[in-house]
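Colleague: Here it is, the structure, as structure tokens.
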Amino acid sequence: MPLIIESKKQLNWPQKTHKLLTKKFTMSQNKSLSLSRRNFLKTSLLAGGGMLIGFNLLSACKPEAILPIDISNLNFNDFNAFIKISDEGYVTIFSPNPEIGQGVKTSMPMIIAEELDVAWEKVSVAQGFYDPKNYQRQVAGGSQSIRFGWDALRQTGATAKQMLVNAAAIQWGVEPNTCFASQGIITNATGDTLGYGEVVKVAANLEVPENINLKDPKDFKIIGHDITNVDIQKIITGDPLFGIDYSSEGMVYASVLRPPAFGNKLASFDDQITKSINGVTEVIKFGDKIAVLGSNTWAVMKGKKALVALWENDTKLESTDDHNFELIKILNGNKFETNREDGNVESAFKVADKIIERTYESPFLPHNCMEPMNFYANVTDKKVHLVGPIQTPAWTSGKIAKILNRKPEEIHLEMTRMGGGFGRRLYGDFAEEAAQISNIIKKPIQVIFSREDDMAAGTYRPAIKYRIKAAIKEGKLTAYHLKEAAINGNMYGLIANFFPAGCVPNYRVSTANYKSNITTGAWRAPFTNFLAFAEQSFFSEIATELDKDHPQLIIDLLQNVKGTTDERIQYSPERMEETINLVIKKSNWGKTPEGIYQGFSAYYSHNTHVAEVADVELKNGMPVVKKVTVAVDCGIVVNPLGAKNQVEGGVIDGIGHAMYGDLSFEKGIPQSVNFDKYRLIRMEETPEVKTYFVENNLSPTGLGEPGLPPAGGAVANAIYKATGNRLLKQPFINQLEISKSKLLG
Amino acid sequence: MPNYTLKINGKKITVNVDEDTPLLWVLRDELLMKGTKFGCGIAQCGACTVHVNNSAVRSCSLPISSISDESITTIEGLSENGTHPVQLAWKEIDVPQCGYCQAGQIMTASAFLKEKPLPTNDEIREAMHGNICRCASYNRIEKAVKLAAKNS
């Protein structure tokens, strides 16, 4: 007989059940993780039927986290992630992290659904909300979503399932441990069944149980299986999904003229012609920018082009030649900060049999998200409503509150799906512009960047030069010194502890930078996107010098760091070795037919180990990348279908930018601002990418970035085998065309 | 501003816009059909691809005044409910990452397959060369076009 339950206080707990519910279970997985679920999870009955489970994903990752509200009053806005279970047993998961194409809107709900144990067909996924009042961080970046979310998402799903089981046990008057749940159905010892939907009313009023058992990975039914992107139907039918697709009643469009050169400021402008254009309604100046407003995008873009503006020099107008000169000057000098130093590098070089030194050079890169930057803002006396594609809703909301002098709780930001991020949408300059303009004209507006605006007003991957020097003595690598000269910042904390740190007895990483007025920032796999190329090209040269096989040289070096007690070391030599062995096997390394030249590269970044082999052939004297074989250790692969997509994309992106990516400056002005001049990789230039995962049951790590860094090195090393040319500068195409013209005389 | 009567997805629609307005902005801003995407504005990336009399055309560079009684198909009108063989193949292969360029990719692929139902791999790669996918889902686009050809 089911119990009729009015409220928690009237619960008629069977004695043994109560004990069971409060008993401490040993967690089957990560024992070091001790979470108090009461601090991150709260349930509530929904007025329209069903149960809502709210949890704070990000604070759940920290054991000390406390919800910022009185948890007895559940408020939708106080959580950033939710599970809704309807009376019919349908499950809606509100995915909390911004979707930029990295697949978390699919993979994160998969983890919850797995532990909740529902059929994926009964699950739908909606984009979660962001509430600046209560949350500090909600970020898509650094390939960290899955890594940080893994334990919390599993705990949440499993806790919800246990509450439903407990509710069914109460209805049946039996002990919960005599019941089990699978695929949304709870079954007791006598074979009676109850669907999740049938017990939600009871479950919603139960205490949140502590110390939940997680599934053994061998029992996973959803994790590890191919699940199609949850937004696929909307994408293939053209439903509005992206920020640029948003519109509201009375919204006007805004096109903004910004200083054409870094170092310019606005002196004066004439908007007479602009104002005569059909559809243009207003022209306003804000700071050094001019916004043209009107009833359609075409009118405001035309209006912007018709503005006559005079600019004056505020700071120095820099050119690529200046940057090259300054960065080389830094590398030739001795003003460096040391990020890591082992042994005695100087004396190792003094006694070396041979010293190899190479300088690797990279240009600035724009992000070029396919969806140009855009944002909607409606600033009223009551609130600031913002809608758009942003990777950092909290940071951006905070900045806008400051700029407009508004209280943080007045800022309401809605995140949309993003037409690519690659790091560009970490910076909310476009959202700030939208808010500033709407604040002046007091109308809902949407700022839209043209492609030229997008490429010319970037936060670019900075130009960087690396100089690497190695000492060889008695056939061994005895010293390694990496110098970095970068614009506006240097590699962040941990990179100096990546390979080959710990493998070489005398080791030093030193950095220095040149301050430029060109805005720079994170770009997919920050710093390692180029460093990996430099490092793995250099190791290919060392291997040639030592007459060793490149992957074997890396494996040999990895032996030196096994069993290290140095906690700064970031990578796992065992996992890297296994990953390298997998790629050797799958790529037929060293056993390819005549005319196919292979290059190897391996790199650890964003907690994931990746090894790649590129197969190159020559066509009319130019190298063509035919195939890339990739081995990846990212722990448990949550969604193989999505994971392979990330790796395929990362590898081709890495090749494309190494081969063609080039943004130069002339007196502060970017020299290519649309796809007629700025070359992105296209279909005919793409190799086939074959991805293989190292199988293990370790916690998953991210995949949005790690596939990219090794790609450039693998291709460069293959091109060396094919042509005998060592590529030291990106983009490769410039060097290849020079050598081709020499070849053809 | 002049009136233009267009045939879009089988329906006649009249709009009042400047003669130089590209079809893209008529679709997006006047008709609030947001499926056709803005990428570059100079016909270099293919995000804005639509069909004009069954041919793939870059709508960002097609002034409204140059269209008369041609029949225009956008991603919203390619099929009922996303059931065109190309859309189904996109779904089966799980092509998209960010998804922004995919409407344009699908429109290019569907026009191409109509003209060439049994393409070779090289013909597919050539036909899709004009559409940029910044996430580089090119391997899957290639596979999906092959699958759609097989299934149509």
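Colleague: Criterion first (out of contact with any Leu (no Cβ under 7 Å at 6 or more places or on another chain) and either surrounded by fewer than 23 Cβ atoms within 10 Å (Cβ to Cβ) or modelled with pLDDT under 95 (or both)) does A:SER601 satisfy it?
Modeller: no
Colleague: Restricting attention to region A:342-380, which residues are within 25 Å of the chain's Cα centre (by Cα) and away from every other protein chain (no Cβ under 14 Å)?
Modeller: Passing the criteria: A:GLU361, A:SER362, A:PRO363, A:PHE364, A:PHE375.
Colleague: Looking at region A:400-495, what strands (runs of 3 or more DSSP E) fall wholly within it and have at least 1 residues that are touching an Asp or Glu at 6+ places or on another chain (Cβ under 9 Å), among the aromatic types (Phe, Trp, Tyr) and in contact (Cβ under 8 Å) with a residue 60 or more places away in the chain?
Modeller: On the way: elements: A:411-415, A:445-448, A:464-473, A:476-487.
So the answer is A:464-473.
Quick grid of which residues meet (1) at pLDDT 55 or above; (2) within 14 Å of chain B (Cβ to nearest Cβ); (3) surrounded by fewer than 24 Cβ atoms within 10 Å (Cβ to Cβ):
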{"residue": "A:GLU88", "(1), (2), (3)": "yes, no, yes"}
{"residue": "A:LYS105", "(1), (2), (3)": "yes, yes, no"}
{"residue": "A:GLN127", "(1), (2), (3)": "yes, yes, yes"}
{"residue": "A:ALA140", "(1), (2), (3)": "no, yes, no"}
{"residue": "A:GLY149", "(1), (2), (3)": "yes, no, no"}
{"residue": "A:GLY157", "(1), (2), (3)": "yes, no, no"}
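Colleague: State the number of residues belonging to region A:676-701 that are out of contact with any Gly (no Cβ under 7 Å at 6 or more places or on another chain), in contact (Cβ under 8 Å) with a residue 12 or more places away in the chain, in a loop (DSSP other than H, G, I, E, B) and more than 14 Å from every other protein chain (Cβ to nearest Cβ).
Modeller: Qualifying residue count, region A:676-701: 2.
Colleague: Kindly state which strands (runs of 3 or more DSSP E) lie completely within region A:305-386 and contain at least 2 residues that are touching a helix residue (DSSP H, G or I) at 6+ places or on another chain (Cβ under 6 Å).
Modeller: The strands (runs of 3 or more DSSP E) meeting that bar are A:337-342, A:354-362, A:374-379.
Colleague: What residue, of A:ALA525, A:ALA543, A:ALA532, is small (Gly, Ala, Ser) and closer than 19 Å to A:TYR597 by Cβ?
Modeller: Unique residue meeting the criteria: A:ALA543.
Colleague: In this structure, is A:ILE273 surrounded by fewer than 16 Cβ atoms within 10 Å (Cβ to Cβ), modelled with pLDDT of 95 or more and in contact with a helix residue (DSSP H, G or I) (Cβ under 7 Å, 6 or more places away or on another chain)?
Modeller: It is true that A:ILE273 is surrounded by fewer than 16 Cβ atoms within 10 Å (Cβ to Cβ), modelled with pLDDT of 95 or more and in contact with a helix residue (DSSP H, G or I) (Cβ under 7 Å, 6 or more places away or on another chain).
Colleague: Does any residue of region B:11-20 turn out to be more than 9 Å from every other protein chain (Cβ to nearest Cβ) and of a type in the set (A, V, I, L, M)?
Modeller: Yes, because at least one residue in region B:11-20 is more than 9 Å from every other protein chain (Cβ to nearest Cβ) and of a type in the set (A, V, I, L, M).
Colleague: Within region A:184-196, can one find any residue that is part of a helix (DSSP H, G or I) and touching a helix residue (DSSP H, G or I) at 6+ places or on another chain (Cβ under 9 Å)?
Modeller: Yes, the conditions are met somewhere in region A:184-196.
Colleague: Here's a follow-up. Only one of (1) over 19 Å from the mean Cα position of the chain (by Cα); (2) within 11 Å of chain B (Cβ to nearest Cβ) fails for A:VAL647. Which number is that?
Modeller: (1)
Colleague: Which of the following residues is more than 30 Å from A:GLU474 (Cβ to Cβ) and either of a type in the set (S, T, N, Q) or assigned by TED's automatic domain parsing to the domain that holds A:TYR480 (or both): A:ASN339, A:ASN334, A:ASN344, A:ASN278?
Modeller: A:ASN278
Colleague: I'm checking my understanding of the structure. Among residues of region A:231-247 that are among the charged types (D, E, K, R) and not in a loop (DSSP other than H, G, I, E, B), which one is nearest to the other protein chains (Cβ to nearest Cβ)?
Modeller: First, pick out the residues of region A:231-247 that are among the charged types (D, E, K, R): A:231, A:234, A:239, A:245.
Imposing the further condition that a residue be not in a loop (DSSP other than H, G, I, E, B) reduces the set to A:234, A:245.
Numbers: A:LYS234: 8, A:ASP245: 4 Å.
So the residue we want is A:ASP245.
Colleague: When you check A:ASP192 against the structure, is it surrounded by fewer than 18 Cβ atoms within 10 Å (Cβ to Cβ), within 30 Å of A:THR43 (Cα to Cα), free of Cβ contacts under 8 Å to residues at least 12 places away in the same chain and away from chain B (no Cβ under 11 Å), yes or no? Walk me through it before giving the result.
Modeller: On the way: surrounded by fewer than 18 Cβ atoms within 10 Å (Cβ to Cβ): yes; within 30 Å of A:THR43 (Cα to Cα): yes; free of Cβ contacts under 8 Å to residues at least 12 places away in the same chain: no; away from chain B (no Cβ under 11 Å): yes.
No; evaluated as a whole, the condition is false for this residue.
Colleague: Filter region B:105-129 down to residues that are out of contact with any Phe, Trp or Tyr (no Cβ under 7 Å at 6 or more places or on another chain), at the interface with another protein chain (Cβ under 9 Å from one of its Cβ atoms) and buried (at least 18 other Cβ atoms within 10 Å of the Cβ), then give me how many there are.
Modeller: Total meeting the criteria: 3.
Colleague: Among the numbered conditions (1) surrounded by fewer than 24 Cβ atoms within 10 Å (Cβ to Cβ); (2) not in a strand (DSSP E or B), tell me where A:GLY649 comes up short.
Modeller: Single failed check for A:GLY649: (1).
Colleague: Take B:SER152 and decide whether it is of a type in the set (S, T, N, Q), modelled with pLDDT under 95 and either within 29 Å of A:ASP226 (Cβ to Cβ) or buried (at least 24 other Cβ atoms within 10 Å of the Cβ) (or both).
Modeller: Yes.
Colleague: A follow-up question, please. Inspect all residues belonging to region A:294-302 and state whether any of them is buried (at least 21 other Cβ atoms within 10 Å of the Cβ) and in a strand (DSSP E or B).
Modeller: Scanning region A:294-302 turns up at least one residue that is buried (at least 21 other Cβ atoms within 10 Å of the Cβ) and in a strand (DSSP E or B).
Colleague: Tell me yes or no: at least one residue of region A:626-643 is crowded, with 23+ Cβ neighbours inside 10 Å, in the same structural domain as A:ASP549 (by TED's automatic domain parsing) and of a type in the set (Asp, Glu).
Modeller: yes
Residues are listed down the side, and each one gets a yes or a no for (1) aliphatic (A, V, I, L, M); (2) within 14 Å of another protein chain (Cβ to nearest Cβ):
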position	(1), (2)
A:MET251	yes, yes
A:ALA254	yes, yes
A:ARG258	no, no
A:ALA261	yes, no
A:LYS265	no, no
A:ILE284	yes, no
A:ALA299	yes, yes
A:LYS304	no, yes
A:TRP311	no, no
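Colleague: Kindly evaluate A:GLU341 against the criterion of being touching a residue at least 40 places away in the same chain (Cβ under 8 Å) and surrounded by fewer than 23 Cβ atoms within 10 Å (Cβ to Cβ). Reasoning before the result, please.
Modeller: Working: touching a residue at least 40 places away in the same chain (Cβ under 8 Å): yes; surrounded by fewer than 23 Cβ atoms within 10 Å (Cβ to Cβ): yes.
When the stated conditions are applied, A:GLU341 passes them.
The values are calculated or read from the model by the stated rules, or taken from the named source; none is laboratory data. All of these numbers come straight from a predicted model, not from anything done at the bench. Here Cβ is always computed from backbone atoms with ideal geometry, including for glycine, and neighbour counts include all displayed protein chains.
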